[in-house]
Amino acid sequence: MAEEWTPSSWRSKPIAQDVKYADKDHLSRVANQIKHLPPLVTPAEIERLRHHLTRVEAGQGLILHAGDCAESFEACTHRNITNKIGLILSFSLVLLWGARVPIVRIGRIAGQYAKPRSSGTEVINGKTVTSFRGDNVNGISPDDREPDPERMLSAYFYSTTTLNYVRALLTSDFASLNHPRTWSLKHVRSPSLRAEFESISNALSDALAFTQTVGAIGGVDEGAYVKGGGRGVLGEVDFYSSHEGLMLDYEEAMTRFLPIPAGTPSYTSAPQPLPTKTYYNTSAHFLWIGDRTRQVTNAHVEYFRGIRNPIGIKVGPSMKDDELARLLDIVNPDKEHGKVTLITRYGAGKVEAHLPGHIAAVRACGHPVIWVCDPMHGNTHTSSTGYKTRHFSSIITEVTSTLEVHAKENSRLGGVSLEFTGELNEQGFSVTECLGGSMQLGEEELELRYQSYCDPRLNFEQALDLAFLLSDRYKQARENSSKVHATTDVLLQELGKTANGTN
């Protein structure tokens, strides 16, 4: 029998990656203030994402989880947010074109401020200081490392501002599939990349024009439980926010006991009635447990087991097969569909050694999951010039190996989790943080525009390189099977439309 859960029951458990605040009373006052601020997301939106994830789990979609390793307050600008959303939309369009299934877009945005660290302190210029834990904890300057609860409140308002502007973009022509060229390729140097994207854009415009000509403009047919989170115009897209649920004081403050939207299914194999209200984390649509905080008896797992949001769990090479099964039993005891996404992050040379056992363990315990590949975090190294970096070839190797193992194990890779950015400097150039790609970025170029506070990110051009490679892989798999979908039908499915539906 599981212990009773409350938003604060995690406090009775051991906690990893805890932040040591000098003034606990100050922390309590800030947390109490956040508890009375409005939610950032709604139950209807969370349930709509849950619905989309059940389709991915059933093989009818793919997840694109992407954005910064860690957001910064100073990067909360019109230009940066626009470029980031534009890159996510561009990547998803390329992936959609090759895979011919709906893409569920989940951004690492509007709350991804905290970062775990391997050590609580670091040495800078011969002085030992508290490690930088992200803008919602302390400052990047060595003189500003004392954890400050007020930064948690600032994170709420920066998240609110970011999400508000993202919503505005998504309901404007910027996010319309009728106008993909507005997502900007001006700074992409590769003529072949530009040509490929233009080709897809032109084909998409033709397909949309055809559906409008024949009158295939239906309404949203997602069930009553997603009303209020739907789209009413063909050509618009859905987008969801996410972050690592690392700062449990903040997550507890943003956890609200709210009504479940009418008509919401239970998502269990044997349908059962739902309570009228439940606990939602209203700071984001989707949250995940990191590889450093997934201990089954600790605080983070205790917190995550009680929220209704769909959740992710990072799975690295240190995860034992039986540990994974036990973890799933704790966070999803009723084996609900669309609840858990497993995000594997092994390293390019370790996939074959660990993924087959993890797939077998999940299959044996009967838990429904979505498998997603994170090819970033297991492939970080320090360059000869002293920069933390990743090589594009290692990222591709891990994705390719993961696809091959899933195929061999009669499993399915349901998406990718990436760290990339559309961020540009004042001269309009992309960041230089990861090596390789079609631009053949070398170690001597890393210092030119290395801007990350945390881990290195793919830039716009490298991200599109990966998008086209993934798209080609899914296209080959699709063409090798007998299930080839018509372009018009896929576009309608992508937007949650039916020819005879109603809003």
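Leaving out ligands, DNA and RNA, and with a 1.4 Å probe, what % of the accessible surface on the chain is carbon or sulfur? Before the final figure, lay out each step's value.
Numbers: 10030 of 20020 Å².
Answer for the chain: carbon and sulfur cover 50 percent of the accessible area.
Once both labels are modelled 7 Å past Cα along the beta-carbon direction, what's the LYS320-VAL123 spacing in nm?
Result for the modelled spin labels: 3.5 nm.
Within segment 318-354, report the trypsin sites (Lys or Arg not before Pro) that DSSP leaves as loop and that have at most 13 other Cβ atoms within 10 Å.
On the way: sites: LYS320, ARG326, LYS335, LYS339, ARG345, LYS350; in loops: LYS320, LYS335, LYS339, ARG345, LYS350.
Loop-located and lightly packed - LYS320.
Using a cut-off of under 14 Å, list every residue of segment 246-285 whose amide N is near the label point 7 Å from the Cα of THR42 along the Cα-to-beta-carbon line.
What the label zone holds, given the 14 Å backbone N cut-off, is 259-262.
Set the bar at 21 Å for Cα to Cα. Now go through LYS408/LYS475; LYS115/LYS388; LYS277/LYS314; LYS20/LYS127; LYS314/LYS335 and name every pair that lies beyond it.
Values: LYS408/LYS475 18 Å; LYS115/LYS388 15 Å; LYS277/LYS314 29 Å; LYS20/LYS127 19 Å; LYS314/LYS335 18 Å.
Checking Cα-Cα distances, LYS277/LYS314 exceed 21 Å.
Compute the distribution of all C-alpha to C-alpha distances in the chain, in bins of 10 Å from 0, and list the percent of pairs in each, rounded to whole numbers.
4, 19, 31, 29, 14, 3, 0, 0
When DSSP assigns beta bridges and you keep just the ones with both residues in the chain, what percent turn out antiparallel, to the nearest 5? Spell out each step's value before the answer.
Details: 17 of 50 bridges.
Roughly 35 percent of the beta bridges in the chain run antiparallel, per DSSP.
Just report the Cα centroid separation between segment 1-42 and segment 264-290, whole Å.
Using only Cα atoms to place each centre, the spacing works out to 20 Å.
At a 4.7 angstrom Cβ threshold, list every cysteine in the chain that has nobody to pair with, or say none.
Isolated Cys, the chain: CYS76, CYS365, CYS373, CYS434.
Enumerate the whole-percent occupancy of each 5 Å bin, from 0 to the last occupied one, for all C-alpha pair distances of segment 1-112.
Values per bin, smallest distances first: 2, 8, 11, 14, 16, 17, 13, 9, 6, 2, 0.
To the nearest 0.05, how large is the calculated FRET efficiency for TRP5 and GLU426 if R₀ is 41 Å and r is the Cβ-Cβ distance?
On the way: r = 49 Å, r/R0 = 1.20.
It comes to 0.25.
If contacts are Cα pairs under 8 angstrom and at least 6 residues apart, what is the relative contact order of the chain in percent? Intermediate results must be reported in sequence, preceding the final value.
Working: 934 pairs, mean separation 112.6, N = 503.
Over the chain, the number comes to 22 percent.
Figure the gain on full extension for GLU146 and ARG79 (residue separation times 0.36 nm, minus the Cα-Cα span) and round it to one decimal in nm. Intermediate values should be presented prior to the final figure.
Details: separation 67, 0.36 × 67 = 24.12 nm, distance 3.04 nm.
Computed gain between GLU146 and ARG79 is 21.1 nm.
State the extension gain, in nm to one decimal, for the chain segment bounded by ALA58 and ALA477, taking 0.36 nm per residue of separation less the distance between their alpha-carbons.
Working: separation 419, 0.36 × 419 = 150.84 nm, distance 1.70 nm.
Between ALA58 and ALA477, full extension yields an extra 149.1 nm.
At 7 Å along the Cα-to-beta-carbon direction for both THR276 and ALA262, put a label point, then send me their distance in nm to one decimal.
The modelled label-to-label distance comes out at 1.3 nm.
Based on the alpha carbons, how large is the Rg to Rh ratio for segment 44-164 when Rh follows Kirkwood? Let's see the in-between values first.
Numbers: Rg = 18.0 Å, Rh = 16.6 Å.
Radius of gyration relative to Kirkwood radius: 1.08.
What's the Kirkwood radius of segment 101-150 in Å, using all Cα pairs?
For segment 101-150, inverting the mean 1/r across all distinct Cα pairs yields 12.7 Å.
The values are calculated or read from the model by the stated rules, or taken from the named source; none is laboratory data. For clarity, every value in this text was computed on a predicted model and none was experimentally measured. For neighbour counting, all protein chains shown are included, and Cβ atoms are generated from backbone atoms with ideal geometry for every residue, glycine included. Accessible surface is based on the protein model in full, side chains and every heavy atom, while ligands, DNA and RNA are left aside. Shrake-Rupley method; radii C 1.70, N 1.55, O 1.52, S 1.80 Å.
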